[in-house]
Amino acid sequence: MKKIALAGLVILAAIVIISSFFMPWAQLSTSVTKVSKELTGGKFLRELSRITDAIGKVGGDIQIKTSISGYDIPSMANKKSSKVAISLVQGLLKDAKDLDKKAALVFLLPIFAVVCAALAVIGLKNKLSVILMLIISGAISLGGLYRLKTLDLASLPVDITIEKGLWQTLYAYLFIFIVSIIWLVTDKKQASGK
């Protein structure tokens, strides 16, 4: 009975991860002036600089805000001009090489959630699947949370605020990790009690 309850908790956490994939992961904001200072290219730069100076004189700087979900990241990173997605992915991944391919790895998060749910169901009869679920959820949650906690947001060209969707994803994986530990500990106690 305990195993069924634990499997149910893992399935609920997987549902949270999948739904969080479509929620905002990051709020990105920058200003017209900040963007124009980062652009290069002769006459275009001078013209844009003149326009942004005029904007600054009229009503201050204009803020540009964008909210992106996990689902948005790969398509935005494939557009090389999308500084928003590139900044977020560069912040999360240390190496910027093959950024568009690495951004596609984001799709693995909901896929691994389904895998963990399947492993939980298989775990009702096979202890090895629970160990595999522990490894997957532990690597994603602990690695992801460590990366977010140590992320230097100030060094990025746009201001990034990590939103609820990404936090929920990582904490749901952490929850699966904890459930896996509890599952293995109670399974071991039941085995030794027999």
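The values are calculated or read from the model by the stated rules, or taken from the named source; none is laboratory data. Quick caveat, the model's predicted, so the values are computed rather than measured. In this analysis, Cβ positions are derived from the backbone assuming ideal geometry, glycine residues included, and neighbour counts consider all displayed protein chains. Just so you know, the surface numbers come from the protein's heavy atoms only, side chains and all, with ligands and any DNA or RNA stripped out. Shrake-Rupley method; radii C 1.70, N 1.55, O 1.52, S 1.80 Å.
Filtering segment 118-149 to residues that are among the small types (Gly, Ala, Ser) and under 14 Å from residue 174 (Cα atoms) leaves 137, 138, 139, 141, 143, 144.
Which condition number does residue 173 fail, the rest of (1) in contact with a Phe, Trp or Tyr (Cβ under 9 Å, 6 or more places away or on another chain); (2) open to solvent by 20 Å² or more (accessible area, probe 1.4 Å) being met? Of the numbered conditions (1) in contact with a Phe, Trp or Tyr (Cβ under 9 Å, 6 or more places away or on another chain); (2) open to solvent by 20 Å² or more (accessible area, probe 1.4 Å), the odd one out for residue 173 is (2).
Residues of segment 124-138 that are assigned to a helix (DSSP H, G or I) and within 14 Å of residue 186 (Cα to Cα): 127, 130, 131. Say whether the condition of being at pLDDT below 95, part of a helix (DSSP H, G or I), open to solvent by 70 Å² or more (accessible area, probe 1.4 Å) and in contact with a strand residue (DSSP E or B) (Cβ under 7 Å, 6 or more places away or on another chain) is met by at least one residue in segment 146-164. Taking every residue of segment 146-164 in turn, at least one turns out to be at pLDDT below 95, part of a helix (DSSP H, G or I), open to solvent by 70 Å² or more (accessible area, probe 1.4 Å) and in contact with a strand residue (DSSP E or B) (Cβ under 7 Å, 6 or more places away or on another chain). Exactly one residue among 138, 123, 143 is open to solvent by less than 20 Å² (accessible area, probe 1.4 Å), of a type outside the set (D, E, K, R) and modelled with pLDDT under 95, and that residue is 123.
Within the set of pairs 6+ apart or on separate chains, which have a first residue in segment 2-17 that is at pLDDT below 95, a second that is assigned to a helix (DSSP H, G or I) and among the charged types (D, E, K, R), and C-beta atoms under 6 Å apart? Note: no pairs meet the criteria.
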